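First comes the structure, then the notes that go with it.
The values are calculated or read from the model by the stated rules, or taken from the named source; none is laboratory data. Note that the structure is a prediction, hence the values are computed from the model and not measured. Virtual Cβ from ideal backbone geometry, glycine too; neighbours counted across all protein chains shown.
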Ligand SMILES: [Mg+2]
Ligand SMILES: [Zn+2]
């Protein structure tokens with residue numbers, strides 16, 4: 001009788017241990033789920049220009065942005081930059097010029113820290129009817145798929161209502177910054193961003209304090 005009881009206890013305790021191990025594995029998976037953020041480029045990371053940013057000489061980084069990128073990396077975020085660059089389709093600058101600008105920016109950012117950084121651009125115009133030009137969600141969806149990001153846990157940060165609309169269509173949470181075109185943007189009822197603030201570094205501080 002006592003032997004049977006002991007055996008039962010052992011079995012039950014083993015089952016409990018296995019169950020706990022199973023749960024722990026599940027929790028670890030949940031914790032290690034990749035964290036990511038999608039950022040517009042012009043008006044969020046660098047100052048906008050009405051005649052497009054055509055070369056490195058025209059790049060003006062918004063104060064605090066490289067340090068904030070480093071903060072995101074330190075907190076484990078994968079950063080994807082999703083940028084409409086219709087100036088390519090319009091023949092105002094080349095894809096190579098865009099790559100040079102991105103290499104320059106990346107060099108500036110990596111002076112403050114290190115981590116995953118991915119660049120996505122849409123080189124098309126509205127009339128090309130591509131799937132990637134914001135406000136369509138294609139570029140954001142591709143970025144999230146490539147980094148294994150869950151839309152509901154991913155923020156899209158932009159200065160244009162098209163960034164916000166693209167983020168909402170992709171199922172992201174959205175943040176509007178008042179740099180670039182941000183201050184002049186208006187939203188239909190129910191289409192407002194989840195967060196509105198002065199600049200990208202302010203959003204990063206908000207996100208990391210949550
Ligand atoms: Mg912009
Ligand atoms: Zn496109």
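Tabulated data
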read-out	value
Residue within region 202-210 that is in contact with a strand residue (DSSP E or B) (Cβ under 6 Å, 6 or more places away or on another chain) and either assigned to a loop (DSSP other than H, G, I, E, B) or assigned by TED's automatic domain parsing to the domain that holds residue 39 (or both) present	yes
Out of 124, 118, sole residue that is in contact with a strand residue (DSSP E or B) (Cβ under 9 Å, 6 or more places away or on another chain), outside any loop (DSSP other than H, G, I, E, B) and more than 22 Å from residue 57 (Cβ to Cβ)	118
Lone unmet requirement of (1) in contact with a helix residue (DSSP H, G or I) (Cβ under 7 Å, 6 or more places away or on another chain); (2) away from ligand 1 (no atom under 16 Å from the Cβ); (3) more than 20 Å from residue 118 (Cα to Cα) for residue 170	(3)
Qualifying position, being modelled with pLDDT of 95 or more and touching a strand residue (DSSP E or B) at 6+ places or on another chain (Cβ under 8 Å), among 107, 141, 185	185
Filter pass, residue 92 being in a loop (DSSP other than H, G, I, E, B), at pLDDT 95 or above, surrounded by 13 or more Cβ atoms within 10 Å (Cβ to Cβ) and more than 14 Å from the chain's Cα centre (by Cα)	yes
Residue that is nearest to residue 176 (Cα to Cα) [pool: residues in region 8-67 that are at pLDDT 95 or above and part of a helix (DSSP H, G or I)]	65
All positions within region 152-201 that are surrounded by fewer than 19 Cβ atoms within 10 Å (Cβ to Cβ), in a helix (DSSP H, G or I) and without any contact (Cβ under 8 Å) to a residue 24 or more places away in the chain	152, 183, 184
Matching entry among 189, 151 (being out of contact with any helix residue (DSSP H, G or I) (no Cβ under 9 Å at 6 or more places or on another chain) and over 26 Å from residue 103 (Cα atoms))	189
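Quick grid of which residues meet (1) without any contact (Cβ under 8 Å) to a residue 24 or more places away in the chain; (2) outside any strand (DSSP E or B); (3) over 21 Å from residue 158 (Cα atoms):
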{"site": "100", "(1), (2), (3)": "no, yes, yes"}
{"site": "113", "(1), (2), (3)": "no, yes, yes"}
{"site": "130", "(1), (2), (3)": "yes, yes, no"}
{"site": "133", "(1), (2), (3)": "no, yes, no"}
{"site": "139", "(1), (2), (3)": "no, yes, no"}
